[in-house]
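Every number in this text was worked out from the coordinates using simple rules, so none of it is lab data. Not measured: the values here are computed from a predicted model. Please note: Cβ atoms are built from the backbone with ideal geometry, for glycine as well, and neighbour counts cover all protein chains shown.
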Protein chains: 2
Amino acid sequence: MTTSIMKRLLLISNSTMHGGGYLEHCQDNIKAFLSTTARKAFNSFGYDLDGIHEKENPVDAVRNAEAIFIGGGNTFRLLKTLYDENIVNEIYKQVTQDGVPYMGSSAGSNVATISINTTNDMPIVYPPSFKGIGLVPFNINAHYTEPDANSKHMGETRAQRINQYHEYEDAPPVLGLREGCILHVEGNKATLEGKTNAKLFVRLGKEPVEYEPGSDISFLLNV
Amino acid sequence: MTTSIMKRLLLISNSTMHGGGYLEHCQDNIKAFLSTTARKAFNSFGYDLDGIHEKENPVDAVRNAEAIFIGGGNTFRLLKTLYDENIVNEIYKQVTQDGVPYMGSSAGSNVATISINTTNDMPIVYPPSFKGIGLVPFNINAHYTEPDANSKHMGETRAQRINQYHEYEDAPPVLGLREGCILHVEGNKATLEGKTNAKLFVRLGKEPVEYEPGSDISFLLNV
Ligand SMILES: [Ca+2]
Ligand SMILES: [Ca+2]
C-alpha cells in the first residue's frame, strides 16, 4: 500500500464521551482539521452536513464531497452499506488522490482501516468482505479498554481478542484507541491527539506499547 | 426448518465458570445427557475424546462419531474451519437424521444455531457465511450479561446489540444464555437447565422475557 502525501484523516475512538454530547470531546480537533479545506461538515460547528443516504447517487456524492465523515453505528452494517452503494473504492480514491479529508468515529474509524477484523460490534449482517477502505495499512480497535479486575465475567479481554487476531501471521498491527483518543494523519505523518493513551499491538509475542497524546506514530503508515 | 424427533442438543453458555474448572459447572448435565447413547466423550468424565483435527478425514470422523462436542474459541475461526472441512452439513445430518447427540459450549453453541449473527467474538477471520449448522431455528447469545450501571464505557449493552440485530425484520429470536445457563433439546422438547435464567429477545419492540431453569421453551423450536 502506498501512502499518498495528500491523505488527511481524523480517526476518533468514540462518538460520545460519558457525560458529554455527540462529538463534543473532539470538536476542537475537528474544527482544526477542517478549517483549511472544508466548507461543509457539521452544523453544530458552523458547517453543513449532507447525508449520503439522502443522495440519489452516492458515488457522485462521494466524488463531490469536500470532506467525508462516517460516524458510529454497527460496523458490519456500515461496511455492507458502503459495499452495496459501491463507494468503498470511491472514498479511497477521493482521500488518497484528491486529498479530501476523511473523519471517522467508532465504526467510521474501523471501516477506514485495512479491515474490520478488530471491531467490537456484533456481526448482525454479513458484508461481502471484511476489507475496509484501506486508508491506513493497520487495524484500529476503537473503545479500547483494559479488563476490569473485579469482573467475574469469563469473556476474553480486549487484549486477548487482539492476540487471537495476531495468531494469523499476516495480521497487521492493531492500534487500540481508548475513548477520548484520536488518530490524526496528514500525508505521511500520523499523530495521536485527544486526551488518552493509545495502545499498540504489533504482533503476537511482542509486548504492546503505550503511546501518549502527541506521539508521532508515522511508522505505522508503512507497516 | 423441520425439527427431528431424534435431535439431541446440549448448548451451554460458557465453558468455564469463575473459580471453576473446564466444563465443571455443567458436568452433571453432560453426564446425564451422554449416559444413554455415547461411549466416547470426555476423559475427565470417564469418556474418550477424539479431536477432529487429528483425523485424516473430518467428514468421516463426523459420520462415525457417537457424540459431537464443540467447545469455545473464536466463533468466526470455528465456523470457517467447519466450512473449510466441509462438515457443516454433515453435522446437521448426523444430529437431525441419526440422532447423534451434539454438545456445544460458548462458540460451540453459537455455531449450532441458525447463524453466528449474535456472537460476542471479534471477527478475526472471514467465514464464507454467517449461517450456522442450523440445529435450532433461532440465535443464541452466549455469556449474556446485563449492563454494569456503574460503567462509564460508552459501548452498547448486549441488549442494545441484540436490538440492532432485530432491526432486520427477518431476524429470528435471540436466546440470551447467561453464564451457567444450559439449553437442552430432546427432539421437539427444549428445556432450560443450569443455574441461571435465560433472557429471550423475540423481536424489536417486544419486551424480552426471563425464563428460569426448568422452563419449557419448546415453542422456540418452531419459530
Ligand atoms: Ca473529488
Ligand atoms: Ca452416523
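Would you confirm, using the coordinates I've provided, whether B:Tyr168 is among the aromatic types (Phe, Trp, Tyr), over 10 Å from the mean Cα position of the chain (by Cα) and more than 9 Å from chain A (Cβ to nearest Cβ)? Please lay out each step first, then the result.
Numbers: among the aromatic types (Phe, Trp, Tyr): yes; over 10 Å from the mean Cα position of the chain (by Cα): yes; more than 9 Å from chain A (Cβ to nearest Cβ): no.
Criteria not met by B:Tyr168.
Figure legend. Inter-residue proximity from region B:79-100: first residues in a loop (DSSP other than H, G, I, E, B), second residues away from ligand 2 (no atom under 16 Å from the Cβ), beta-carbon distance below 9 Å, spacing 6+ or different chains. Indicated pairs: B:Glu85/B:His53; B:Ile87/B:Thr81; B:Gly99/B:Ile5; B:Gly99/B:Gly187. Listed here are the strands (runs of 3 or more DSSP E) enclosed by region A:184-223 that have at least 3 residues being surrounded by 16 or more Cβ atoms within 10 Å (Cβ to Cβ): A:189-194, A:198-201. If A:Ile140 meets every condition in (1) more than 9 Å from chain B (Cβ to nearest Cβ); (2) closer than 27 Å to B:Val174 by Cα; (3) in contact (Cβ under 8 Å) with a residue 12 or more places away in the chain apart from one, which number is that one? Unmet condition: (2). In region B:110-134, how many residues are surrounded by 24 or more Cβ atoms within 10 Å (Cβ to Cβ) and away from chain A (no Cβ under 14 Å)? Number satisfying all stated conditions: 2.
Note on region A:57-77: among residues that are under 14 Å from B:Arg161 (Cβ atoms) and either within 11 Å of ligand 1 (Cβ to nearest atom) or not polar (S, T, N, Q) (or both), the one that is surrounded by the fewest Cβ atoms within 10 Å (Cβ to Cβ) is A:Gly73.
When residues in region B:61-83 are screened for being away from chain A (no Cβ under 14 Å) and of a type outside the set (Val, Ile, Thr), 8 of them pass.
Answer with yes or no whether A:Phe138 is within 19 Å of B:Asn74 (Cβ to Cβ) and more than 16 Å from ligand 1 (Cβ to nearest atom).
On the way: within 19 Å of B:Asn74 (Cβ to Cβ): no; more than 16 Å from ligand 1 (Cβ to nearest atom): yes.
Answer is no for this residue.
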